[in-house]
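The values are calculated or read from the model by the stated rules, or taken from the named source; none is laboratory data. Bear in mind that the values here come from a model prediction, so they are computed numbers and not experimental data. Every residue, glycine among them, receives a Cβ derived from its backbone with ideal geometry; neighbour counts consider all protein chains shown.
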Amino acid sequence: MTRIEATSRRRRPIAVASIAIGAAAILAIFLAAPRSAAADRETAPSPRATEYLPRISDLMIETIQPRHERLWRAWQDGSWDFAAYELGNLKGAFNRLGHAHPTQGNISLPDMITSVTEQPFNELGTAIQSKDGAAFAKAYTDLTDACNSCHQALNHGVVEIRVPNRTSTSDLGGTSAPRN
């Protein structure tokens, strides 16, 4: 065996190992790529998902109305801490509504929300802090009336919010005109 043949025989396993390592690396990259893409699909919203914007009525029914009612129920149960918590949630829900829908018709929704809720919210906060049930009842009624004034101004007067009672399952009512 010549010297060249001997050298070639020693290099052959190295070349085979190099090719095998390279192939394994390429295979690993191709196998990892679909998993990575799947993970990206799970964490990043699709373009269609980011296009969805709930309507005002969706936000009212799903976020604002339940918080309005839970605020009242917390007061009824004497749970002032929970009432404070729900008041904060209600304020936040109104802020998100105004951010999501800056105008309704030609009306600035954030400005309208602030103008009708600021005083009742402040009065509710004070009543909760001082644990004053009578002041809470008045401020809650004022807030409820403010909600209804917005509905009237936006031509949705058929949607009437009322102060819940212990037997009701909802604070939402509908004003009904007599049927002909």
Unmet requirement for R12, which otherwise passes all of (1) modelled with pLDDT of 65 or more; (2) in a helix (DSSP H, G or I); (3) surrounded by 11 or more Cβ atoms within 10 Å (Cβ to Cβ); (4) not aliphatic (A, V, I, L, M): (3)
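Is it fair to say K91 is within 23 Å of the chain's Cα centre (by Cα), within 21 Å of L71 (Cα to Cα) and of a type in the set (D, E, K, R)? Even if it seems obvious, please write down each step before you answer.
Numbers: within 23 Å of the chain's Cα centre (by Cα): yes; within 21 Å of L71 (Cα to Cα): yes; of a type in the set (D, E, K, R): yes.
Against the criterion (within 23 Å of the chain's Cα centre (by Cα), within 21 Å of L71 (Cα to Cα) and of a type in the set (D, E, K, R)), K91 qualifies.
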All positions within the range 85-122 that are of a type in the set (D, E, K, R) and surrounded by fewer than 18 Cβ atoms within 10 Å (Cβ to Cβ): K91, R96, D111, E118
Wholly enclosed helices (runs of 4 or more DSSP H) of the range 55-140 bearing at least 3 residues among the aliphatic types (A, V, I, L, M), without any contact (Cβ under 8 Å) to a residue 40 or more places away in the chain and closer than 19 Å to V163 by Cβ: none
